[in-house]
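The values are calculated or read from the model by the stated rules, or taken from the named source; none is laboratory data. All figures in this text were calculated on a predicted structure; none of them were measured in a lab. Cβ placement follows ideal geometry from the backbone for every residue including glycine, while neighbour counts extend to all protein chains displayed.
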Amino acid sequence: MIHESLAELRQDLRGAVGIRADAVEVLDEERARRLVDSLVRNAVFGTPEVREFSRWLIWELGQALGVRPASIHDFYMARAQDAWQDRTVPAMNIRFTTYDTARAALRAALRAQVGAFIFEIARSEMGYTDQEPAEYSTCLIAAAIREGYQGPLFIQGDHFQVKASKYRQDPEGAVREVKDLIAKAIPAGFWNIDIDSSTLVDLDRENLDEQQRDNYEVSAHLTRYVRELEPPGVTISLGGEIGEVGEKNSTPEELDAYMEGYTRTLGQLGDDTGLSKISVQTGTAHGGILLPDGTLAQVAVDFETLQVLGDRARHWGMGGAVQHGASTLPQEMFHKFPEVQTLEIHLATGFMNTFLDHPAFPSDLLEAMYRHIEAHHADERKPDQTEIVFRLKTRKKALGPFKAELWALPPEAREPIYAALEQQFAFFYSQLNVEHTRELVDRFVTPPEFHRPMPEAGRAVADDLGLAD
């Protein structure tokens, strides 16, 4: 239910949630969890004042019910010290129906006692899916509340990327765009951020240090900026990147050149905590490599190089190496990642494909989405691209414009689709060996209690509800 005003919302909250000043008390836990279904829709689709109040209330309900954003930094530092191994943390990009999709992921996590997993969204995804940081984190917290999940919730900014084309024309402006995004993300609970300035690597320069210079200098300056903004008691987990996904494979020498330059530059800027991980390229591409008939080409992941780079990352005091662009790989590959000690793996397009290609997905809605991309993104079609490849590569651009329709799928579509997604999440938890990691994560990570000030428009609602004696 979408409320037209805070007065309407107030009536639904009465008896379930008490509020006075900036304090929230759960009066009826079962009812409060059910109310999240409408609260989260208000947080996404409501009027400005209803939306802001709903986002604040979901955050505070999470604090009260033990659903708290956290940094995975200490867990990764434990890996650097060999306190654990043989596990690969899935970082899952949720592009569509974030609330219901995260609920499916959390159900699978609860069933298998998984604690080592990340929800993430990239800078580019925020644009075409119409999900700003505050909305995204709100949906994840709401999903955890609804499913009864408690503990650290790792929310990550993926590919907070410095755009190379703009950097060449306006370096300060290109970096400022990323800083502005960081300044929005951190208050929203994004306490894990992947800095991606790998687009600035220039392989035409004379030596490795010069090739990586813009990359490591920008990474160090953004690290300093993050440390200035992080909340008390939180060390935000930061990742760097040395190779652009889809380009040539990374080498240990490139990793060393990047880390030598990064460490030197960061030391000049101040005594700050550095990176907990580093992303490398070993043969994959975002979304997979599509053949003209729309099927995926076979990809050879260089697992030997991935293992070497992970070992080299730990030499520099990080938890290990990160693999991007992996969700469309053959299923029989995934058990290899923990075997070669891959720290983290990013999974995105495969979930979207499961969602949109499911037999229960409404065909008329899918066709409407295809008409949209053909009308609004025709200029992105490459000359040699078949119709099916264009559709598969571009349909993600319809997720934002059709967000309301996707959230409103009928029950006959919702139930089988989210069951299939739940199975897919469970598959990755199993293959990446993160089942039964909840206790392990809790050993190293204590999510802080962190409260936000209530939006001014909500004061009247809070005064009216009051707290129970």
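A compact table of results
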read-out: Residues that are in contact with a strand residue (DSSP E or B) (Cβ under 9 Å, 6 or more places away or on another chain), in a helix (DSSP H, G or I), buried (at least 20 other Cβ atoms within 10 Å of the Cβ) and small (G, A, S), drawn from the range 41-87; value: G62
read-out: Conditions (1) touching a strand residue (DSSP E or B) at 6+ places or on another chain (Cβ under 7 Å); (2) modelled with pLDDT under 95; (3) buried (at least 18 other Cβ atoms within 10 Å of the Cβ): number failed by L467; value: (3)
read-out: Yes/no for E120 being under 25 Å from K396 (Cβ atoms) and surrounded by 24 or more Cβ atoms within 10 Å (Cβ to Cβ); value: yes
read-out: Which numbered condition K403 fails, given (1) within 23 Å of the chain's Cα centre (by Cα); (2) in the same structural domain as E135 (by TED's automatic domain parsing); (3) on the phi < 0 side of the Ramachandran plot; (4) surrounded by fewer than 21 Cβ atoms within 10 Å (Cβ to Cβ); value: (2)
read-out: Top-ranked residue of the range 119-152 - restricted to ones that are of a type in the set (A, V, I, L, M) and out of contact with any Phe, Trp or Tyr (no Cβ under 7 Å at 6 or more places or on another chain), ranked as nearest to R438 (Cα to Cα); value: A144
read-out: Qualifying positions in the range 326-344 - under 30 Å from D272 (Cα atoms) and buried (at least 24 other Cβ atoms within 10 Å of the Cβ); value: T342, L343, E344
read-out: Flag if G189 is crowded, with 20+ Cβ neighbours inside 10 Å, of a type outside the set (D, E), over 22 Å from L421 (Cα atoms) and at pLDDT 95 or above; value: yes
read-out: Residue in the range 137-162 that is surrounded by the most Cβ atoms within 10 Å (Cβ to Cβ), counting only those that are out of contact with any Lys or Arg (no Cβ under 9 Å at 6 or more places or on another chain) and under 21 Å from H324 (Cα atoms); value: F154
read-out: Check on L238, touching a residue at least 12 places away in the same chain (Cβ under 8 Å), surrounded by 19 or more Cβ atoms within 10 Å (Cβ to Cβ), part of a helix (DSSP H, G or I) and touching a helix residue (DSSP H, G or I) at 6+ places or on another chain (Cβ under 9 Å); value: no
read-out: Residue check for E206: surrounded by fewer than 17 Cβ atoms within 10 Å (Cβ to Cβ), in a loop (DSSP other than H, G, I, E, B) and free of Cβ contacts under 8 Å to residues at least 12 places away in the same chain; value: yes
read-out: Qualifying position, being under 24 Å from the mean Cα position of the chain (by Cα), surrounded by fewer than 18 Cβ atoms within 10 Å (Cβ to Cβ) and more than 30 Å from R20 (Cβ to Cβ), among R452, R381, R395, R414; value: R414
read-out: Of residues in the range 11-31 being touching a residue at least 40 places away in the same chain (Cβ under 8 Å) and either under 15 Å from I141 (Cβ atoms) or of a type outside the set (D, E, K, R) (or both), the one surrounded by the fewest Cβ atoms within 10 Å (Cβ to Cβ); value: A21
